[in-house]
Amino acid sequence: MKRVATLFAGALALVTTNATAQDSAAPVSAAAAPATPAAKAPAPKLIVTISVDQFSADLFAEYRNHFTGGFKRLLGGAVFPSGYQSHAATETCPGHSTILTGMHPARTGIIANNWVDLKTARTDKTVYCAEDESVPGSSSIAYTVSDKHLLVPTLGERMKAANPASRVVSVAGKDRAAVMMGGHQVDELWWWDGKKFVSYAGRTTPAVVQQTNDAVVARLAMAQPAMAMSAFCSAHDRAIDIGGGKTVGTGRFERKEGDTRAFRASPEADEAVFAMAAGLVRDMKLGKGPATDLIAIGASATDYVGHTYGTEGSEMCLQLTQLDETMGTFFAVLDSLGVDYEVVLTADHGGHDLPERNDQHAVPGAARIDPALNPKAVGDAVAAKLGLTGQLLYGDPVGDVWIDSKLPKRQYDAVLAEALALYRAHPQVAAAFSRAEIMAAPVATGPAETWTLVQRAKASFVPARSGDIVVALKPRITPIPDPTKGYVATHGSFWDYDRRVPILFWRKGMAGFEQPLAVETVDIAPTLAATIGLKLGAPMMDGRCLDLDASAGDSCR
């Protein structure tokens, strides 16, 4: 692995060297063919759950024939190219909350990355999904990471309840990814805080976490030269003008020393996460104990690359090809440790390319949002019409919008009616629903692609947290009015380019197959539970078990 050896001589390369030296089991190459399956294999000793943030089904389809490393190995297993994060709130926190709980956000309680609580005691009324807002002096930006808002158990928690000998580890490039996949009871939980990998206060730092942090600090102290451009990625190497004299689409992750923001939006960040994950597997001897263990890995760099550069430039091509290589080395480390493991890989949501590049590809309807759709601007228009004063609406231009909770009922009803009328009349809005309309809608039961917009909204609606109005923009409307001031592209819509993600299962000996029909990310946890023979009780999961391969012991029957 040429690039990783260069970037992380003290991290992933160190882990690989140590792991190989400590265990004489013969490694399997990253693209090795499955062995002949046994009549019925026992439960795997380690579950490896990987979430690639913003890895849409569209990106998977675009790149799958070019993978040569970790992704290629997974393509030899059970492939579900049309998995769904079925809900409307296609953001990082809600999406990660579905993967190992088996429940939609309406039950996990995670309705968005952030929501508004106008009744909270602190000045900042925004609540971050993975914070404890009761901590004195905290805000939704300067927060204490917490699992308190996740209302249901994860698979790892259920495993530990059934057998306390099971170990659960969660590591990610984002705190919300680590928390939502790990849950409330974890043995190790680590995330990148912008400068280093950290955990909850009072936890002892394992040696491999310190080694990874030291390697990252050393790496950040050096400028990063541009990555070499492969022939395949050269086809994506085209400058896209976003205004203000700025372009995207030709980046190669050149970085100045000390630039942690650029580090986060580059393949380097995922390399660090996988290096630490491999070291924790090695040092904790995960998969070698009396019970099945679980490690959840949140690879967050693809999301930052998508936001910063879009999904169709040289940047995303280099990111995905390097991630493929990084995962190949990670799997080789696990092979060298002699661990019997099963992998599932998916994503928390998809993504949408920037409208300026979509324009060049003649994608119909691609545009940036009208600033008049900002909730404050809509609220000001409502206030002017009704003769009211003060801020009436709170929230983001897409998704949940909250009405001032101090309004008397008659004024609340008038504001609701007028705001709904303004949203619905706007040419960039596909639909706007009141909370009463969402709560009255039937729960969706059919395939995710058939769900109505209001059913998608209902799947991520929690009455105690959600807005008074939920707004769905039309397809290809990007809720970033000015790309020159920050991110250029995003996700979070009701549409399938944000909802559809791949779901890939792999285990040595599994008979590979592909199932093109729609499944859901909530199906992952019950499928893994069946794999390890874990009986599920209350609370029941929303997902169903996917019958992967009876010969490898993964039958749902």
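The values are calculated or read from the model by the stated rules, or taken from the named source; none is laboratory data. The model shown is predicted, which means the values in this text are computed figures rather than measured ones. We place every Cβ from the backbone using ideal geometry, glycine too, and count neighbours over all the protein chains shown.
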Counted residues in the range 540-557 being at pLDDT 95 or above and either surrounded by fewer than 14 Cβ atoms within 10 Å (Cβ to Cβ) or assigned to a helix (DSSP H, G or I) (or both) come to 1
### Message
Take the conditions of a type in the set (S, T, N, Q) and surrounded by 21 or more Cβ atoms within 10 Å (Cβ to Cβ) and apply them to residue 311. Does it pass?
### Response
yes
Across (1) of a type in the set (Lys, Arg); (2) closer than 27 Å to residue 174 by Cβ; (3) out of contact with any Phe, Trp or Tyr (no Cβ under 9 Å at 6 or more places or on another chain); (4) surrounded by fewer than 18 Cβ atoms within 10 Å (Cβ to Cβ), residue 288 clears everything bar (2)
* Asked: Just a yes or no: is a residue in the range 115-129 touching a residue at least 60 places away in the same chain (Cβ under 8 Å), surrounded by 24 or more Cβ atoms within 10 Å (Cβ to Cβ) and out of contact with any Phe, Trp or Tyr (no Cβ under 7 Å at 6 or more places or on another chain)?
  -> yes
From the option list 182, 279, 251, 243, single residue qualifying as in contact (Cβ under 8 Å) with a residue 40 or more places away in the chain, over 21 Å from the mean Cα position of the chain (by Cα) and buried (at least 24 other Cβ atoms within 10 Å of the Cβ) is 279
Picking from 421, 384, 362, 425, the residue that is at positive phi, without any contact (Cβ under 8 Å) to a residue 24 or more places away in the chain and surrounded by fewer than 19 Cβ atoms within 10 Å (Cβ to Cβ) would be 362
Among strands (runs of 3 or more DSSP E) entirely inside the range 423-534, those with 1 or more residues being in contact with a Phe, Trp or Tyr (Cβ under 6 Å, 6 or more places away or on another chain) and within 20 Å of residue 93 (Cα to Cα) are 469-473, 500-507
Scanning the range 84-125 residue by residue, those outside any loop (DSSP other than H, G, I, E, B) and more than 20 Å from residue 50 (Cβ to Cβ) turn out to be 105, 106, 107, 114, 115, 116
Can you confirm whether residue 302 is within 25 Å of the chain's Cα centre (by Cα), under 21 Å from residue 328 (Cα atoms) and either surrounded by fewer than 24 Cβ atoms within 10 Å (Cβ to Cβ) or not aliphatic (A, V, I, L, M) (or both)? yes
Inside the range 421-441, the number of residues satisfying the requirement of being in contact with a strand residue (DSSP E or B) (Cβ under 7 Å, 6 or more places away or on another chain), under 16 Å from residue 394 (Cβ atoms) and among the hydrophobic types (A, V, I, L, M, F, W, C) is 1
